[in-house]
Amino acid sequence: MAVIFHLAFPVANIPETKDFYINSLGCEAGRESDSSIIMNMYGHQIVAHVSTEVSPQKGIYPRHFGLIFTAEKEWETLLKRATDHHLKFYQSAKHRFPDLPLEHRTFFLEDPFYNLLEFKYYYHYDAIFGLTTYTQVGDQK
């Protein structure tokens, strides 16, 4: 039995949500109402709910969501898609923790409702959950 991740998040309206997530990012549409839409993001369920409480974040912490790709080519394909669709980059593509077993590539997008999305590719798969002797996590604050 496969396990599928689910995430719900706030948006201001459904049309802009569909434009960003479906038309630009490549998610697949599921059920939809006037106040929410279910989408398939690489096999995981994300649900956008219309809310009056959307506001800019002050940084990537503590709240963002995204995907970790297990193939660098897939990460690069999404990076190119985001660039080609002129999506808003909150942080450009970069290498984090170079020359360490934790090294990975990452970029952040910002949707029209200030939700931040991070997309990663780790050079060493065991760095995703393991390598616990290292203490580095994310960017320095």
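Assorted remarks:
- Euclidean distance of C-alpha centroids, region 21-99 and region 107-140, integer Å: 13
- With θ taken as phi - 60° and the Karplus curve 6.51 cos²θ - 1.76 cosθ + 1.60 applied, the whole-hertz 3J(HN,Hα) list for region 44-53 is 10, 8, 10, 10, 8, 10, 5, 9, 8, 9 Hz, x standing for glycine and proline.
- Taking the empirical scaling 2.2 N^0.38 Å for compact globular proteins as reference, region 77-141 has a Cα radius of gyration ratio of 1.23.
- Nearest 10 degrees, 0 to 90: helix 72-84 Cα axis against the chain principal axis: 40
- Cβ-based exposure ranking for LEU131, LEU117, in which fewest neighbours within 10 Å come first: LEU131, LEU117
- In terms of packing, defined here as the mean over residues of other Cβ atoms within 10 angstrom, the peptides 63-69, 105-111 line up highest first as 105-111, 63-69.
- When Cα extents along the principal axes in Å is computed from the coordinates, the matching label among [x] 53, 38, 25; [y] 42, 34, 29; [z] 48, 38, 29 is [z].
- Under 24 Å from the Cα of LYS73 - lysines, other chains or at least 8 residues apart: LYS88, LYS94, LYS120
- Considering only the chain, percent of DSSP beta bridges that pair antiparallel, nearest 5: 65
- Gaussian network model of the chain, Cα within-10 Å springs - most flexible of TYR125, TYR90, TYR61: TYR61
- Estimated from helical segments only, the mean residue ellipticity of the chain at 222 nm is -3500 deg cm²/dmol, where each DSSP H run of four or more residues counts as -39500 (n - 2.57).
Any read-out appearing in this document is the output of simple, stated calculations on the displayed coordinates, not a laboratory observation. No experiment lies behind these values; they were computed from the predicted model shown. Ideal geometry is used to build each Cβ from the backbone, glycine not excepted, and the neighbour counts take in all protein chains shown.
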